[in-house]
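Below is one structure; the comments refer to it alone.
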Amino acid sequence: MNVSLIDWVIVGFFFAASLAVAIYMNSLCRGVADYLVAARKVRMWLGIGAGIGAEIGLVSVAAMCEQGYLRGYSFTLLQILSIAIMVPLFGFFGFGIQRFRATGCMSVPQYIEMRYSRRLRVITGVTNCFAGVIQMTIFPIVGAMFVAMLIRAPEMVDILGFHVRTVLVITAILLCCNVLFTYLGGAITLTVTNFFMMVIIMGAISWLMLYLVAQVGIQQYWGDLEKNLGLAGFYPFTGDASSYGFTFFAWSTLMGILLQFSYGPYLQKYASMDKPKTVSRSYMLGVIFGSGRLFLIMGFGVATLAALGPSQPTGFLMQNASWSQMATPYYLSGHLPPVLMGFLLACLLFADITSTDQYLLSWSTSIVNDCILPLRKKRVTPEVQISMVRRTIIALCVLFFAVAIVYRPTMPIWEFLWLCANIIGGSGIAVLAGMYWNRANTPGAYAAIAVNIVLPIGDQIARYFVPATVKFPFTPQQTGFWSYVIGIVALIVVSLLTPAENKHWDLGKRLREMNEESSKSASGEVAL
Amino acid sequence: MIEFTTDPSVRFWSQFVFYFAVVNTVATMLFTVVVVIGGIFDVRFLIRALKTESLDQDDNGQVRENRPEDRP
């Protein structure tokens, strides 16, 4: 291994400090609302900081490095176009996300029960949890593979007489950290620890980026990117097989919009904020802040491309999907000095803890609140409810470890993550229509959600049976995009054609009242 | 700052992406400092609120007809 004692000391120090914060925050946890949505007392800067921490997962670090290595900075233009759409929509107007906060719901399915029906809540809960958990299964193992390559860990180690793969040992350590931090205090702990971990993460990736550019040289860094990838390294619409393309952009933008109303971890974050305006403000600043973070992390992959070139070094016999994932940690492992390596390891450990914990808490909450408790006639006490969430967290971690044992990379990480998110996005159509259109009804919502379950899963099953020699008529992005479009049309048509009980209520009015109340209390605070 | 490629099909986008990335990255590093300072005050607010304000024990993610907030 190429990790010195000082590096382990740095990792140990930051871990102990974070654990102390977690233990203290746990002592302040009073009930379910504290554990699941931080008592709805998260203000803007804390929300941005904790959100940024939660969005830089170890798996997303690995995925962004891979994208930087494969496609350079061609994502930039997509990012700019996406910001041009998303920031006005959500940041200025708070489209939908402020209304969701005004509902006072903790999750999407809870809103679906209030607006449509309890049965649809359970169906949405089961579907979203299924896709969310499947998506999460690769988080620990992909992160562990990245770390194992970074520290040049041996392939096998002997533990208590057993000969085991090192990546499984690292996976187990990461999962134990996840359980520890999620168990302690839930959302209030994660909000505060994610914020402090974000400071370490941003510090480490900024330092690493400056170091790499200084090592490679800015001219070689950029010149090699131009030489190796050409236009495809900067412009996403070249039409090459390796470029992103317009369909990808249309699909990812539409999905990005719908996920704001359907993706459990996002909604749990919105639910924890102190008022609706905080949701849109923190969204706006978070998106702009997140854009620079993307450049920093993708830059590691670009530096790897400049230093190693697009091919594997001689002596490596990895599959292409594996090499593109491992190229960046392989390069970094041979070029980082002590201390920086320690900070990077602490950064990666925290990146894993922040995002995996946020997602674990969100999906565990949803499994308990949306899939189990609505089916029980008897109310449970807050202690039992929190205990059920904690046991679900442990069960999910056991599942992730089982997946890690059999995991083999077959496609780029981002594609896998997006494929799962595609299924979840369908419920966003029902939520959005429910908040803005008073004619939307339960059969229409069923239709939209059904379309977005059947089409993406059917696409995947069909792909499995089509021989590799035959070109499949649709790309996954095309299937994703058209699933959403058909889902929207289905909701409108079915809602118009079927008479059903309508439980629409004026969220706009409630939102205005909440914002006025918070303005009054803020001016009261100033007067005091 | 650096010499860009002479290939006209790549040069414009290469320059554009380079300057955008540099400005964005530096802005992000500076903005981190602002977030950290603001966030510390918000952590203090959160801890004070957890210690002093009461908690609605019925706010548990379940919909019940007798709660006015859950009634459309």
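The criterion of being touching a residue at least 40 places away in the same chain (Cβ under 8 Å), within 30 Å of A:I386 (Cβ to Cβ) and either assigned to a helix (DSSP H, G or I) or more than 18 Å from the chain's Cα centre (by Cα) (or both) holds for A:T127. Scanning segment A:445-476 for residues that are of a type in the set (A, V, I, L, M) and either open to solvent by less than 60 Å² (accessible area, probe 1.4 Å) or within 22 Å of A:F249 (Cα to Cα) (or both) yields A:A445, A:A447, A:A448, A:I449, A:A450, A:V451, A:I453, A:L455, A:I457, A:A462, A:V466. Test B:F45 against the criterion of being among the hydrophobic types (A, V, I, L, M, F, W, C), open to solvent by 20 Å² or more (accessible area, probe 1.4 Å), at the interface with another protein chain (Cβ under 7 Å from one of its Cβ atoms) and within 30 Å of A:Y111 (Cα to Cα), and give yes or no. Here the answer is yes, as B:F45 does meet what is asked.
Residue count for segment A:185-229, restricted to those that are open to solvent by less than 10 Å² (accessible area, probe 1.4 Å), closer than 30 Å to B:P8 by Cβ and of a type in the set (A, V, I, L, M, F, W, C): 3. When segment A:37-49 is filtered for residues that are open to solvent by 10 Å² or more (accessible area, probe 1.4 Å) and on the phi < 0 side of the Ramachandran plot, the ones remaining, listed by number, are A:K41, A:R43, A:M44, A:W45. Can you say whether B:F12 is farther than 30 Å from A:Y111 by Cβ, buried (at least 18 other Cβ atoms within 10 Å of the Cβ) and at pLDDT 90 or above, as far as the supplied structure shows? So B:F12 does not fit the description; no. For A:F15, the test of being surrounded by fewer than 24 Cβ atoms within 10 Å (Cβ to Cβ), aromatic (F, W, Y) and either facing another protein chain (nearest Cβ under 10 Å) or part of a helix (DSSP H, G or I) (or both) is passed.
Exactly one residue out of A:T479, A:T442 is surrounded by 16 or more Cβ atoms within 10 Å (Cβ to Cβ) and modelled with pLDDT of 85 or more, and it is A:T442.
Within segment A:22-37, residues that are more than 12 Å from B:K51 (Cα to Cα) and modelled with pLDDT of 90 or more have Cβ atoms under 6 Å from residues that are open to solvent by less than 10 Å² (accessible area, probe 1.4 Å) and assigned to a helix (DSSP H, G or I) in these pairs: A:A22/A:F181; A:A22/A:T189; A:A22/A:T193, counting only partners at least 6 apart in sequence or on another chain.
In segment A:494-526, the residue that is modelled with the highest pLDDT out of those that are open to solvent by less than 70 Å² (accessible area, probe 1.4 Å) and among the β-branched types (V, I, T) is A:V494.
A:D34 falls short on exactly one of the conditions (1) under 20 Å from the mean Cα position of the chain (by Cα); (2) open to solvent by less than 10 Å² (accessible area, probe 1.4 Å); (3) over 21 Å from A:V287 (Cβ atoms), and that condition is (1).
Return the residues of segment A:110-133 that are within 11 Å of chain B (Cβ to nearest Cβ), among the hydroxyl-bearing types (S, T, Y) and under 19 Å from A:Y266 (Cα atoms); say none if nothing qualifies. Of everything in segment A:110-133, just one residue is within 11 Å of chain B (Cβ to nearest Cβ), among the hydroxyl-bearing types (S, T, Y) and under 19 Å from A:Y266 (Cα atoms), namely A:Y111. Only residues that are closer than 25 Å to A:L344 by Cα, modelled with pLDDT under 85 and in contact with a Ser or Thr (Cβ under 9 Å, 6 or more places away or on another chain) were counted across segment A:319-328, and they come to 2.
The values are calculated or read from the model by the stated rules, or taken from the named source; none is laboratory data. It should be emphasised that the depicted structure is a prediction, and the values quoted were computed from it without experimental measurement. Here Cβ is always computed from backbone atoms with ideal geometry, including for glycine, and neighbour counts include all displayed protein chains. Note: areas computed on protein heavy atoms with side chains; ligands, DNA, RNA excluded. Shrake-Rupley method; radii C 1.70, N 1.55, O 1.52, S 1.80 Å.
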